[in-house]
1. Using Cα pairs under 8 angstrom and six or more residues apart, how large is the relative contact order of the stretch A:369-472, in percent?
2. Within 10 Å of each Cβ in peptide A:128-141, how many partner chain Cβ atoms are there on average? Round it to a whole number, please.
3. How large is the accessible surface of residue A:308 in square angstrom, using a 1.4 angstrom probe and rounding to the nearest 10?
4. Sort A:34-42, A:58-66 by the packing proxy (mean of other Cβ within 10 Å over each peptide's residues), most packed first.
5. With Kirkwood's inverse mean 1/r over C-alpha pairs for Rh, give me the Rg to Rh ratio of chain B, two decimals please.
6. Near residue A:68, which lysines are there with a Cα under 22 Å away, not counting those fewer than 8 places off in the same chain?
7. Any chance you could look up the accessible area of residue A:207 with a 1.4 Å probe, heavy atoms only, rounded to 10 Å²?
8. Would you rank A:183, A:139 by solvent-accessible area, highest first, keeping every protein chain in place and using a 1.4 Å probe?
Amino acid sequence: MNATAQQFDSEPANPFVDSARLARLASLSRAELEELQLRKLRRQLARLNATSSYYRARMTQGGLDPDKLSTLDQFRERFPLSNKTDFLADQTEHPPFGARLGIAREDVALVNMTGGTSGLGQEIYGRSQHDVHMQGYYHALPWFLAGLRPGDVAINCVPAGGLTTGGWGPGEGLRIIGATAFHVGGTLSTDAKIDLMQRIGAVHFIYASTNYLHTLTEAMMRRGIEPKRAFPMLRTLFIAAEGYPLEWAERIESLWGCRLQEGYGSTQCAGFGASTCADGVFGAKGGRGLMHLFEWETLFEVVHPETLEPVASGETGEMVVTNLSIEGSPVIRFRTGDAARFISWRDANSGRAWNAIECGTIGRFDDMLKIRGNNVWPSAIDAAVFSFGEVAEYTGRVYTSGDGKTEIEVRVAFTDAAATCDAATKTTLIERIRATIKERTNVWMTLTVCARNELPEFNYKARRWKDERQQGYRL
Amino acid sequence: MRNVQDAADDTARDHRILSRMLADADVLCECGDALLAGQYRHLRGRIAALLDITIPAGEAETAA
């Protein structure tokens, strides 16, 4: 991989100079950081032992007395894991929040729900006034690290409000920082957003899902707008929610003329649990960069999804999350289903004792497609397809053909510039994309070309894949 | 950059101030005015969160 971090005229402010508190947290040794985690964990478990019958039962099951908890290893060994199914069952038995709520019903100040894209059901979270601020802090923290400062103009492209944590946390976070925020997500069309940004001119920060930043960039190029000339004050593009190829990241930085930063977050984390630092999404020596975990706020484990043993540095595992400060519907040793490549604090080599996960490769264990005996993640196909700058968008479907075979169709739309190429060039390009997909997934797929307006425009998380195999067997 | 002990001293001082503010906010939340009490609980939540955010990070703060 040749992609590397670029140099820009305007680099973000240094967070460890601007915040003594952050500098202090960065100075903690690993032993000191774990002592802080243990102190907060004991407090959290003692509180839940008194307020949540769900968690009290789990502590009893594991034989764990919060007052006698002496090591983090003891917690990992004795506290049983929870997953989505456990939470949904708890909610059914004790509607609407479940017995895991942990605060008085009248102290619920904000209700958040998960997206429900798994098809299993939506987890419901009741947050206290304290938690509403913490959710804001968990958005402010990565953005402060990325250089956002009071008075900066921020464009929030993620739809605001509603029932999701991502709908409420960003607004709180931007207010906590003191930025001038325009919450354009979900309220304006992409073209209307661009018009507004052009009227504002001095934009410093854009927050969007990975996919929506792609959509926004594509729309600007279509209108003949060169982002780095239109927005010369821009210092940070901050993305979340989806993986991407490094070639894409390099092109984005080049087009916008500023640093691309990334965060890892979820409703279970109550916001962001990790983010990039000075080098953005690129490693200091090229290749993929790291998102450093905010471990003094959230206890993270990265485990093998079958053995449940911690993975070694450099390996991919499932993120298991424990909230150390959240009081309403906290998660304790919750299996998120998120797949991440773990990098230990020693290997992260950042000068801090914070563990890390790799940028751009966060995926899901549960959206894996089993195709002809191969485990195929949509994020791997995204990475293959979008490593070609000529591709504007794509969708895919797995289906059963008339003779009962599994077939995969990928519909690709080219950018305006690539769409005008001659037929022979397009054929060569399609073959290269097809070969790249095969290289990364071990599956040959059928590619067809279509017009850009035949494919959807995703405003938040992209849902590019449909598994229609069950339909193929219907009579 | 300021040294670790200076930063620890500041955080410990902030934490003590916030502890006092939380105790005062708890008193406000007990008021009989339902309209005001809701707003006091809002304020109390913010203070409680900041108390968590400034929690002593290590021995330096505990000693400060």
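The values are calculated or read from the model by the stated rules, or taken from the named source; none is laboratory data. Remember, it's a predicted structure, so these values are computed and weren't measured experimentally. Here the Cβ positions follow ideal geometry from the backbone for every residue, glycine too, while neighbour counts run over all protein chains shown. Accessible surface areas use protein heavy atoms only, side chains included; no ligands, DNA or RNA. Shrake-Rupley method; radii C 1.70, N 1.55, O 1.52, S 1.80 Å.
1. About 38 percent, as a whole number.
2. Mean number of neighbouring Cβ atoms from other chains: 4.
3. We get 60 Å² for residue A:308.
4. A:34-42, A:58-66
5. That ratio equals 1.15.
6. List returned: A:40.
7. Only protein atoms counted, so the area is about 10 Å².
8. Result of the area sort, largest leading: A:183, A:139.
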